[in-house]
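Taking it in order: structure first as structure tokens, then the write-up.
The values are calculated or read from the model by the stated rules, or taken from the named source; none is laboratory data. Since the model is a prediction, treat every value here as computed from it, not as a measurement. All Cβ positions, glycine included, derive from the backbone under ideal geometry; neighbour counts span all protein chains shown. Areas reflect the complete protein model, heavy atoms only, side chains present, ligands, DNA and RNA absent. Shrake-Rupley method; radii C 1.70, N 1.55, O 1.52, S 1.80 Å.
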Amino acid sequence: MQIIDRLEIERQNHFVEQIRLDHRSQNAGDNPVIRYSIRTYGCQLNENDSEKLAGQLHQMGFLPAETLSDANLIILNTCSVRENADNRLFGNLGRLKQQKKDNPDLLIAICGCMMKQSAHVERIKHSYPFVNLVFGPQDIHKLPEMLYTCLYHQKKLYSVGDQDTLAEGLPILRSRKFRALVSIMYGCNNYCTYCIVPYTRGRERSRQPEEVLAEVRAAVADGYQEVMLLGQNVNSYGKDLENRSDRPADFARLLAAVAETGIYRIRFMTSHPKDISNRLLETIARYKNIESHLHLPIQSGSNRILERMNRHYSREQFIDIVQRARALRPGLTISTDIIVGFPGEQEDDFAQTLDLMNIVRFDSAFTFQYSQRSGTPAAKMPGRIPEAVMSERFRRLLELQNRHSLESNQAMIGRKVEVLIEGPSQTDAAILSGRTACNKLINFRIPDLNMLPEPYRLNNDQPNGRALEGHLAKVHLCRAKTFSIEGEMEMLLL
Ligand code: 5AD
Ligand code: SF4
């Protein structure tokens, strides 16, 4: 592992300064020379990486573009967990080709997990030669230097490092006002047989607890109500750190220390069931500012398939964890990830998955059709499931989960809950969206706009959803839908 120390960040700052000076000298009035747009695919870890890219771009004096076509620097931060993510990148690159023809000065950069697969980098080299810069998830801290090279020396740079890095002290421009994403570790050691992540994000490496806590405290000082602690498997946090009794170097202790900062709400993901400890469940039960929700991917309900997936737990152990967690923290919701159509999945294995869902009754689930990832052990396993069988199973899985999700939402009706506002709803600016401590998505109306102080109202008699982002509201829950609950605001809390 290579630890990127403050000296390296200072070295990068030299390039930041060079670019900034040059940028300023060319800058006519308020019109910056470079306006950027970052497109992020995939998970919150990628979103967090994009926030660090944006932080560095701001340091260099660049500003975000209003639209993609206004940008003269476009960064695509890719994901390679499933095949459709790959396809989206190449679809977008096809469209960008024309934009580059119209504006030859446009800089196009591609980063993220896909760039750790040489086949994709080769394809970009040969079929999309107009791309200027390619780098991997481990190279994010080098953006100033790489950009400097592209701007002043060579137009094209393919620079995908193969070392596992851990960079501290990068500037960050958070994309949301209500939630601070805080990566606590990088990489994954689990090698689930279907998954590409250990090959793209490298071995597990944990940040020092002091660094994590300092970032959380800074977020609290900046007014953030929520932190989301991120890692591919947060439960193995600290396994690679020196074990000392005076500091929180395992996940349960880190979580408790974050809770002690007094932040309003703490979320975390993802928890691998094999590493859930009693101490962790007790910590979740003890601190009311830790979310009342556990994301616990089961992947399959069949022991035979779990073994082929290399998951290291059985359905019985999973059910036991769920029961213990619910007993320790009443009202805890549980979400999961499920894959259908893993190689060799028989109808009976799939029936076991449905059966487990009926036992556990997940409050929500992300459901996926198996996607073959070359280089993973599952890609070489016999027993590929035909497309038609896979989609038929997927349909049945979704139908059952949707029923459970709706029932879970129905059980909340009539309650009054605290909602952390995330902004206006996607479909109607008069409606606000937010989440409860148990991660339910709530869309709510404000029965009388006089309930809102002046700055939170727009001229056209609508709530100012953007200004309300990060505020808390007490909401009466009225109507359950499959993926959300509708409610009415009783009062604004803060
Ligand atoms: N095919 C389908 N789903 C996958 N996931 C990871 N790899 C694959 C794959 N090859 C799913 C898992 C994981 C989630 C983030 O993505 O369910 O928990
Ligand atoms: Fe992939 Fe398994 Fe690691 Fe999750 S725990 S990132 S599914 S290898």
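Tally time: how many residues in region 248-275 are within 17 Å of ARG207 (Cβ to Cβ) and either among the charged types (D, E, K, R) or not in a loop (DSSP other than H, G, I, E, B) (or both)?
Total meeting the criteria: 12.
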Looking at the structure I just gave you, is ILE74 in a strand (DSSP E or B), more than 22 Å from the chain's Cα centre (by Cα) and either within 16 Å of ligand 2 (Cβ to nearest atom) or not basic (Lys, Arg) (or both)? no
Could you pull out the residue among THR353, THR336 that is at pLDDT 95 or above and within 16 Å of ligand 2 (Cβ to nearest atom)? THR336
Just wondering, is there one or more residues in region 354-364 that are within 14 Å of ligand 1 (Cβ to nearest atom), under 24 Å from MET269 (Cα atoms) and open to solvent by 40 Å² or more (accessible area, probe 1.4 Å)? yes
Determine whether ALA351 is more than 30 Å from ALA119 (Cα to Cα), small (Gly, Ala, Ser) and free of Cβ contacts under 8 Å to residues at least 12 places away in the same chain. yes
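Given the residues GLU47, GLU83, which is the only one that is closer than 30 Å to ALA379 by Cα and loosely packed, with under 15 Cβ neighbours inside 10 Å? Talk me through it step by step, then tell me what you get.
On the way: GLU47 fails: loosely packed, with under 15 Cβ neighbours inside 10 Å.
Only one candidate passes the filter, namely GLU83.
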Residues located in region 471-485, provided they are open to solvent by less than 10 Å² (accessible area, probe 1.4 Å) and of a type in the set (Gly, Ala, Ser): ALA473
Here the qualifying pairs (Cβ atoms under 7 Å; residues six or more apart or on different chains; first in region 210-230 and under 18 Å from LYS288 (Cβ atoms) and in the same structural domain as PHE251 (by TED's automatic domain parsing); second among the aromatic types (Phe, Trp, Tyr) and assigned to a loop (DSSP other than H, G, I, E, B)) come out as GLN225/PHE178; GLN225/TYR264; GLU226/PHE178; GLU226/TYR264
Output yes when any residue across region 6-26 is within 19 Å of CYS150 (Cβ to Cβ) and not in a helix (DSSP H, G or I), and no when none is. no
Scanning region 284-306 residue by residue, the ones that are buried (at least 20 other Cβ atoms within 10 Å of the Cβ), free of Cβ contacts under 8 Å to residues at least 40 places away in the same chain and more than 24 Å from LEU398 (Cβ to Cβ) total 1
Give region 158-170 a look and list any residue that's surrounded by fewer than 20 Cβ atoms within 10 Å (Cβ to Cβ) and either of a type outside the set (A, V, I, L, M, F, W, C) or farther than 24 Å from GLY42 by Cα (or both), or say none. TYR158, SER159, GLY161, ASP162, GLN163, ASP164, GLU168, GLY169
Of (1) within 16 Å of ligand 1 (Cβ to nearest atom); (2) open to solvent by 60 Å² or more (accessible area, probe 1.4 Å), ASP70 satisfies every one except (1)
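Every residue, every condition in (1) within 9 Å of ligand 1 (Cβ to nearest atom); (2) closer than 30 Å to ASN289 by Cβ; (3) out of contact with any helix residue (DSSP H, G or I) (no Cβ under 7 Å at 6 or more places or on another chain); (4) of a type in the set (Val, Ile, Thr), yes or no:
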{"residue": "ILE334", "(1), (2), (3), (4)": "no, yes, no, yes"}
{"residue": "ILE339", "(1), (2), (3), (4)": "yes, no, yes, yes"}
{"residue": "GLY344", "(1), (2), (3), (4)": "no, no, no, no"}
{"residue": "ALA351", "(1), (2), (3), (4)": "no, no, yes, no"}
{"residue": "SER371", "(1), (2), (3), (4)": "yes, no, no, no"}
{"residue": "THR376", "(1), (2), (3), (4)": "yes, no, yes, yes"}
{"residue": "PRO382", "(1), (2), (3), (4)": "no, no, yes, no"}
{"residue": "PRO386", "(1), (2), (3), (4)": "no, no, yes, no"}
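May I ask you to verify whether ALA480 is under 19 Å from SER364 (Cβ atoms) and touching a helix residue (DSSP H, G or I) at 6+ places or on another chain (Cβ under 7 Å)? Let's see the steps before the verdict.
Details: under 19 Å from SER364 (Cβ atoms): yes; touching a helix residue (DSSP H, G or I) at 6+ places or on another chain (Cβ under 7 Å): yes.
It is true that ALA480 is under 19 Å from SER364 (Cβ atoms) and touching a helix residue (DSSP H, G or I) at 6+ places or on another chain (Cβ under 7 Å).
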Among PRO297, PRO273, the single one that is out of contact with any Asp or Glu (no Cβ under 9 Å at 6 or more places or on another chain), in the same structural domain as GLN352 (by TED's automatic domain parsing) and within 16 Å of ligand 2 (Cβ to nearest atom) is PRO273
Could you check region 197-227 and list, in sequence order, the residues that are of a type in the set (Val, Ile, Thr), open to solvent by less than 10 Å² (accessible area, probe 1.4 Å) and within 16 Å of ligand 2 (Cβ to nearest atom)? THR200
Test for GLY344: is it surrounded by 14 or more Cβ atoms within 10 Å (Cβ to Cβ) and either β-branched (Val, Ile, Thr) or touching a residue at least 24 places away in the same chain (Cβ under 8 Å) (or both): yes
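Look at ARG311 and say whether it is open to solvent by less than 20 Å² (accessible area, probe 1.4 Å), in contact (Cβ under 8 Å) with a residue 24 or more places away in the chain and either charged (D, E, K, R) or not assigned by TED's automatic domain parsing to the domain that holds ARG393 (or both).
Values: open to solvent by less than 20 Å² (accessible area, probe 1.4 Å): yes; in contact (Cβ under 8 Å) with a residue 24 or more places away in the chain: yes; either charged (D, E, K, R) or not assigned by TED's automatic domain parsing to the domain that holds ARG393 (or both): yes.
So ARG311 fits the description; yes.
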From (1) buried (at least 16 other Cβ atoms within 10 Å of the Cβ); (2) at pLDDT below 95; (3) within 19 Å of GLU204 (Cα to Cα), pick out the condition that doesn't hold for GLU242. (1)
Which residue pairs have Cβ atoms closer than 7 Å, lie 6 or more positions apart in sequence or on different chains, and pair a first residue in region 180-193 that is closer than 11 Å to GLN44 by Cα and open to solvent by less than 10 Å² (accessible area, probe 1.4 Å) with a second residue that is of a type in the set (Gly, Ala, Ser) and within 13 Å of ligand 2 (Cβ to nearest atom)? SER183/GLY231
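Give the number of residues within region 294-326 that are basic (Lys, Arg) and over 19 Å from ALA252 (Cα atoms). I'd like the intermediate steps shown before the answer.
We begin by selecting, within region 294-326, every residue basic (Lys, Arg); these are 304, 308, 311, 315, 324, 326.
Retained after the next criterion (residues that are over 19 Å from ALA252 (Cα atoms)): 304, 308, 311, 315.
Selection size over region 294-326: 4.
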